[in-house]
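Trainee: Encoded as structure tokens, here's the structure I'll be asking about.
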Amino acid sequence: MKLFVYHTPELTPEDSLPDCAVVIDVLRATTTIATALDSGAEAVQAFSDIDILMEKSENWLPDKRLRAGERGGEKVAGFDLGNSPLDCVPEVVADKRLFLTTTNGTRALQRVAQAPIVITAAQVNRQAVVNYLLEKQPLTVWLVGSGWQGSYSVEDTACGGAIIELLVEQGKMSLEEIAGNDEVIGAFSLYSQWQDDLVTMFHKCSHGQRLLLLNCHEDLEYCAKTDIMDVLPIQKDPGVLVKQS
Ligand code: 3SL
């Protein structure tokens with residue numbers, strides 16, 4: 001297995017695809033996706049464009065769908081939910097399809113949607129992602145951070161590092177054996193620095209600061225929780241993520 005870390009979707013190569021793409025948007029899209037599926041949502045269908053989301057969700061039974069998402073971190077007007085993972089409790093999402101649009105996470109998903117395997121990762125489901133990679137042993141794995149509008153987001157790369165750390169430890173591989181690019185070593189080092197205090201890192205980073213201005217303190221605490229749910233979101237059709245059974 002060779003791992004490649006790309007800090008943003010824009011930095012991924014355009015002329016190739018990996019055997020497995022792991023999309024990461026810790027604050028907050030991939031944390032929300034994992035939580036919704038863990039709470040029994042039927043699927044999460046991701047869109048970068050609000051008009052297309054409206055059109056596609058119109059074909060779904062109203063009592064089986066939820067429109068969710070944010071722009072600038074705030075709930076899209078007229079939608080059922082924003083992008084807070086804390087809203088994705090079983091009483092709200094069970095058996096429903098979440099039609100989700102977010103600024104960066106859904107764009108990252110689109111960028112790698114043609115890869116043979118697409119999964120999503122966050123701190124909350126890191127162990128499930130590592131279990132899957134160790135079991136399937138894809139030859140090439142891209143860990144793709146969502147960033148913020150084309151620029152680097154430290155929390156996504158740190159989550160890539162969290163995955164690498166566990167792969168090295170549990171897969172009994174050396175860092176140099178699995179590193180396909182130097183970003184892998186950078187991500188590993190970054191996570192080593194912050195692993196015991198991710199909440200502090202989230203409070204310092206630009207997207208964390210943006211969310212704090214929107215009073216999302218509890219979201220930051222929640223998104224920092226590590227290995228708390230055994231759920232692997234996996235793409236079944238382009239843009240449609242289900243819980244791997
Ligand atoms: O950009 C995204 O995909 C979102 O996760 C951003 S936010 O945390 O909901 O503001």
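The values are calculated or read from the model by the stated rules, or taken from the named source; none is laboratory data. A quick note: this is a predicted structure, and the numbers were derived from the prediction, not measured. Neighbour counts are summed over all protein chains in view; Cβ atoms, including those assigned to glycine, are modelled from backbone coordinates with ideal geometry.
Trainee: Of all residues in the stretch 150-189, which are loosely packed, with under 15 Cβ neighbours inside 10 Å and of a type in the set (S, T, N, Q)?
Mentor: S151, Q170, S174, N181, S189
Trainee: Under 29 Å from A187 (Cα atoms), surrounded by fewer than 22 Cβ atoms within 10 Å (Cβ to Cβ), over 17 Å from the mean Cα position of the chain (by Cα) and without any contact (Cβ under 8 Å) to a residue 40 or more places away in the chain: does that describe E58?
Mentor: Considered against the rule, which asks whether it is under 29 Å from A187 (Cα atoms), surrounded by fewer than 22 Cβ atoms within 10 Å (Cβ to Cβ), over 17 Å from the mean Cα position of the chain (by Cα) and without any contact (Cβ under 8 Å) to a residue 40 or more places away in the chain, E58 comes out as no.
Trainee: Exactly one of (1) aliphatic (A, V, I, L, M); (2) touching a Lys or Arg at 6+ places or on another chain (Cβ under 8 Å); (3) within 16 Å of the ligand (Cβ to nearest atom); (4) farther than 24 Å from L220 by Cβ is unmet by V118. Its number?
Mentor: Here V118 meets the rest and fails (2).
Trainee: Same structure again: What number of residues in the stretch 39-69 are within 14 Å of the ligand (Cβ to nearest atom), part of a strand (DSSP E or B) and either modelled with pLDDT under 95 or touching a Ser or Thr at 6+ places or on another chain (Cβ under 6 Å) (or both)?
Mentor: 3
Trainee: Still on this structure, please answer the following. Would you pick out the residues in the stretch 91-114 that are more than 9 Å from the ligand (Cβ to nearest atom), farther than 14 Å from V44 by Cα and in a helix (DSSP H, G or I)?
Mentor: Matches in the stretch 91-114: E91, R111.
This table checks each residue for (1) surrounded by fewer than 24 Cβ atoms within 10 Å (Cβ to Cβ); (2) over 29 Å from R210 (Cα atoms).
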| residue | (1), (2) |
| --- | --- |
| M1 | yes, yes |
| V5 | no, no |
| L17 | yes, yes |
| I24 | no, no |
| G40 | yes, yes |
| D51 | yes, no |
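Trainee: Exactly one of (1) at pLDDT 95 or above; (2) over 14 Å from the mean Cα position of the chain (by Cα); (3) of a type outside the set (F, W, Y) is unmet by L232. Its number?
Mentor: (2)
Trainee: Output the number of the condition that T140 fails; it satisfies all remaining conditions of (1) within 16 Å of the ligand (Cβ to nearest atom); (2) surrounded by fewer than 24 Cβ atoms within 10 Å (Cβ to Cβ).
Mentor: Status for T140: all satisfied but (1).
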